[in-house]
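Below: the structure, in structure tokens.
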Amino acid sequence: MKLIKPLISNFFILLLVSMNINCMAQETKIPIAGNGVLQQYAKDHPQSLKKEKNIQQALILPFFDDFSASYIYPDSNKWIGRSVFVNNGFGVNPPTIGVATFDGLDSAGNYYQNANFDYPSDTLTSQPIDLSLLTTDNSIYLSFFYQAGGYGDPPNDGDSLILQFLNNDTNWVTVWEVDGNSVATDFQQVFVHVYDTIYYYNGFTYDTLVDTFRTANFQFRFMNLVYGYGMEAIWNIDYVYLNNHRDTTDTTMFDMAFVYPGPPLLKNYSQMPWSHYVFDSTGQNATQYYETTRNNDIISHFLKFHTEIFESGNPIPIYQFDTGGYDYFNNPQSDSTINLRISYGIPSNFTYPITNSSSDYQEFLVKHYIEQTNGDGILSNDTINNVQRFANYYAYDDGSAEWSLGLVNAPGGEMAMQFTIVKSDTCQGVYIFWPRMIYNTALDDFSIAVWSDNGGQPGTLIYKKAGIYPTFDTTQLNGFIFYRLDSNIANINDTVYTQPSLAAGTYYFGFIQGVGYPDYSEPLAIGLDENSNWDSTKLWINTNNAWTPSVIDGSIMIRPVFGTAMSLGIKNMDNQLANSLSIFPNPASDKINLNWTTDQYVQSNDLLVQIYDPQERLILSKTGFQNQIDITGISEGFYLIKVTDTKTATSFTKKLIINR
């Protein structure tokens, strides 16, 4: 293990590169300081951070994990420790869906408090494995795939990924390691012989290790050494396989698998306003969609693909279709071959069912299956799910940021994302996700802006709201902040900007940096979802009085909101609906009860119950009669609960406090 590392972090390298002699303005990807997914999960499940205990009985061979059956944290039946992040967003063309990601963050998604130069960061340790009956077996091999960077920040020289074995003296022995070189790589497969004599490449020469590993409590562990802080120096691990009767040619397995999550079945967006979808449902559906699959075997197989769509809470599919016949995998697995499959197309008569056109929110579960004719040894990677949500905004992103994007050395710099709205509507505001950075951006002022279209790029400024500062929402997963686009004077020759009522067409939503930043080498940085890259021509920047398309892949995390203004103010409404219902307990912890005092609303299908957070974001929606609602999935805090009779358009709103 090399202990002398260059004393310069990924983050500072990034800033030094961006601060060239001429201080040239440019767009720059910057690692973020925390993982919002882990932070939210740790907040909602504090018991998950408690120290784990070893299992009572050692495992036996084979040991296998492709991280497709777990999420957030590794499977505790196989692994000890929760500092690595199990996800399906950071791996680029992994062997199967799901990877274990190593970075500079702890199990709660925060950078390590004791971080210093060249510090051990994440560790993934196997549960004990009994090899005591195999002391003369020389055919035991551990194989795995690793990748530097993926969709995240690649490790630099000085950042390492290390594999260690536990010997009979309970000491950890390094048997393999690799250094970063600031370049993202494809997945590469590694074989390590579990044997008393191991030839270990230390980065310069081969060392010979003579030790005893085949014990009743053998363990192995991966760990990374990191210089720096935050979500940087990314390594991805996948397809970990330990067994005997192997050699280094044993590179395949009878396993047909999905590689990425299920795609949205919308043509242009990951999410869009439900009322806009209802306006043009057939025109907004994708005519075909992409699924990436991999044949991890050495021979071809016949496969069938099937899709089912469910309404939220309904176990019976409302729609299902096959791709038509069997697909033949004629490019079996190799180290570099990924089989990209394009579907036969979505049936032309498919639309999401419009059962409630007056609601702002609808949700559907889309499941995709691989169906083999002759079986498959690993079933957990044969099914992928996608929750298709419709709310009151347009979105390209999937809600999770791998990076941030900023305009370095660019006072007054502009950034905008293209959106095409399908019907005339009023833009109520925008949601923006500002990730927390290593440096402070709370004093970086900006303006929300909307531009018209000028031949496929931003044109005339049609709305501006100045004097805004980024705020950070720690109560929600990668929490978006809502900025209302109300009428205002933007202090540009006293120009009055009114709330934009937009005709159907193309517009650009974004922000303009202020001109008084303390340090423009540490810019305002918006969340960047790098693995949601719908169309690279949709993101535009302006740092020198001319708009140019971004050279960065991905989607910035901004979501324009449309529709009528939500009346969420607490009102003492004297209507029959309000007088017919009491809601208790309040404060509540795990559920709320709805007690109806008149028969008029009992079993009514016209009722809509919605819970909003203080930023007016819809958290939960229930259609039809409800007498009890489960709120265990909602974080503690203050909320507003709105009950609407959609038939009469009457509603009332009251405060709701969730306290555990």
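The values are calculated or read from the model by the stated rules, or taken from the named source; none is laboratory data. Quick caveat: nothing in here was measured; it's all calculated off a predicted structure. Note that each Cβ is placed from the backbone with ideal geometry, even for glycine, and that neighbours are counted across all protein chains shown. Just the protein is used for accessible areas: all its heavy atoms, side chains included, with ligands, DNA and RNA removed. Shrake-Rupley method; radii C 1.70, N 1.55, O 1.52, S 1.80 Å.
So the values come out like this:
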{"item": "Flagged links, alpha-carbon separation over 30 Å, of Lys367/Lys647; Lys538/Lys642; Lys367/Lys591; Lys29/Lys50; Lys465/Lys647", "result": "Lys367/Lys647; Lys538/Lys642; Lys29/Lys50; Lys465/Lys647"}
{"item": "Inter-probe distance in nm under a simple model that places probes 7 Å from Cα toward Cβ, at Thr248 and Lys655", "result": "6.9"}
{"item": "Reach of Lys267 by Cα under 16 Å, taken over aspartates and glutamates that are not fewer than 8 positions away in the same chain", "result": "Asp280, Glu291, Asp397, Asp398, Asp535"}
{"item": "Aspartates and glutamates with Cα under 14 Å of Lys464, excluding same-chain neighbours fewer than 8 positions away", "result": "Glu414, Asp445, Asp486, Asp494"}
{"item": "By average C-beta atoms within 10 angstrom, highest first, the peptides 637-644, 501-508", "result": "637-644, 501-508"}
{"item": "FRET efficiency estimate (nearest 0.05) - Cβ-Cβ, Ile468 to Lys423, R0 35 angstrom", "result": "0.80"}
{"item": "Solvent-accessible area per residue for the range 73-186 (1.4 angstrom probe, square angstrom)", "result": "33"}
{"item": "Virtual spin-label span in nm between Gln47 and Gln626, 7 Å along Cα→Cβ", "result": "2.5"}
{"item": "Cross-link partners of Lys655 among aspartates and glutamates (Cα-Cα below 18 Å; sequence separation of 8 or more within a chain)", "result": "Asp574, Asp590, Asp613, Glu616, Asp630, Glu636"}
{"item": "Packing-based order for 97-110, 174-187, using average beta carbon neighbours within 10 Å, highest first", "result": "97-110, 174-187"}
{"item": "Accessible carbon and sulfur surface of the range 115-191 relative to its total accessible area, %, 1.4 Å", "result": "46"}
{"item": "Solvent-accessible area per residue, Å², over the range 359-448 with all protein chains present [probe radius 1.4 Å]", "result": "29"}
{"item": "Packing-based ranking, highest mean first, of 401-408, 261-268 given that Cβ atoms within 10 Å are counted", "result": "401-408, 261-268"}
{"item": "Pairwise centroid distance, computed over Cα atoms, of the range 59-109 with the range 530-564, Å", "result": "31"}
